[in-house]
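These notes concern the structure reproduced below.
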Amino acid sequence: MSARAVTGRPVVTLGGDDIAQVKDVVFGSEDATVRGFTLSGRRLLSGPLRQVLAWQDVYALGPDAVMVRDENALTEDNATETATGAGGGNVVGAQVISDEGVALGRITDVIIELGDDARARVMGYEIEQSRSVWKRRRRLLLPAPGHTAASGETVVVLSMAMQYTTEDLAGLAEAAHRLSTRLEEHR
């Protein structure tokens, strides 16, 4: 699932109340998981809400809405660090740099994998590649098991991750699996 596709989805209670919409997806920098969402109002000209939604309070993330049990799932914005985890943020627009110091491009989207363990992990990044690395600009999907560090401005990946890029979403899961296997072999 694309993080870009989640942005703008309504947040709806199991009782059917439309209480907010997703403004941004917040990622944990140390473990590449979805920590939660910042929110905005659903009315025309509504701005950002002073509330956030932590991932553990999400009942379901579907193709059309984010489901929560009730309005109590939203927490006050001053609790953002507690609810969504300190050290995370939105990495769209961040520069991707290899662990060898080569600028690879900028993140245009994040691909999320919903796990059987009720966690949402970053499977990979859609990047627009730098011209310094490639002859022409193009978009590629880069698997995230090679993710080593992230901040709001920069994501550092292992250089070997570039050997597992793909141009289509269907190939990303296989590329991520192959990269993970190779990393396990090198440990």
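The values are calculated or read from the model by the stated rules, or taken from the named source; none is laboratory data. Keep in mind that what you see is a predicted model, and the values were worked out from it rather than measured. All Cβ positions, glycine included, derive from the backbone under ideal geometry; neighbour counts span all protein chains shown. Surface areas here come from the heavy atoms of the whole protein model, side chains and all, with no ligands, DNA or RNA. Shrake-Rupley method; radii C 1.70, N 1.55, O 1.52, S 1.80 Å.
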Worksheet item: Given that just one value was derived from the coordinates, which of (1) 1.07; (2) 1.34; (3) 0.94 is Cα Rg over 2.2 N^0.38 Å?
Response: (1)
Item to complete: Using R₀ = 41 Å, calculate the FRET efficiency as 1/(1 + (r/R₀)^6) where r is the Cβ-Cβ separation of Glu100 and Asp77; round to 0.05.
Response: 0.60
Worksheet item: What FRET efficiency comes out for the pair Ser159/Ser46, r = Cβ-Cβ distance, R0 = 35 Å, nearest 0.05?
Response: 0.20
Worksheet item: When Lys and Arg each count +1 and Asp and Glu each count -1, what net charge do the other residues less than 12 Å away from Leu61, Cβ to Cβ, add up to?
Response: -1
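Can you compute the helix-only [θ] at 222 nm over the chain? Use -39500 (n - 2.57) per DSSP H run of at least 4 residues, normalise by all residues, nearest 500 deg cm²/dmol. Walk me through the numbers on the way to the answer.
On the way: 3 runs with 26 residues, N = 187.
Roughly -4000 deg cm²/dmol at 222 nm, from the helical runs in the chain.
Please report, as a whole percent, how much of the solvent-accessible surface of the chain comes from carbon and sulfur atoms (probe radius 1.4 Å).
47 percent
Please compute the per residue accessible area over the chain with all protein chains in place, 1.4 Å probe, rounded to a whole number of Å².
53 Å²
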Worksheet entry | Integer Hz, Karplus 6.51/-1.76/1.60 couplings in order for the range 92-100, x for Gly and Pro | 4, x, 5, 7, 9, 10, 6, 5, 9
Item to complete: Mind pulling the angle between the C-alpha long axis of helix 169-185 and the longest principal axis of the chain? Nearest 10 degrees, somewhere in 0 to 90.
Response: 60 degrees
Fill in: Cβ-derived FRET efficiency at R0 25 Å, Ser151 paired with Met67, nearest 0.05
0.25
Worksheet item: At Ser2 and Glu167, where each label point lies 7 Å from the Cα along Cα→Cβ, what is the point-to-point distance in nanometres?
Response: 1.7 nm
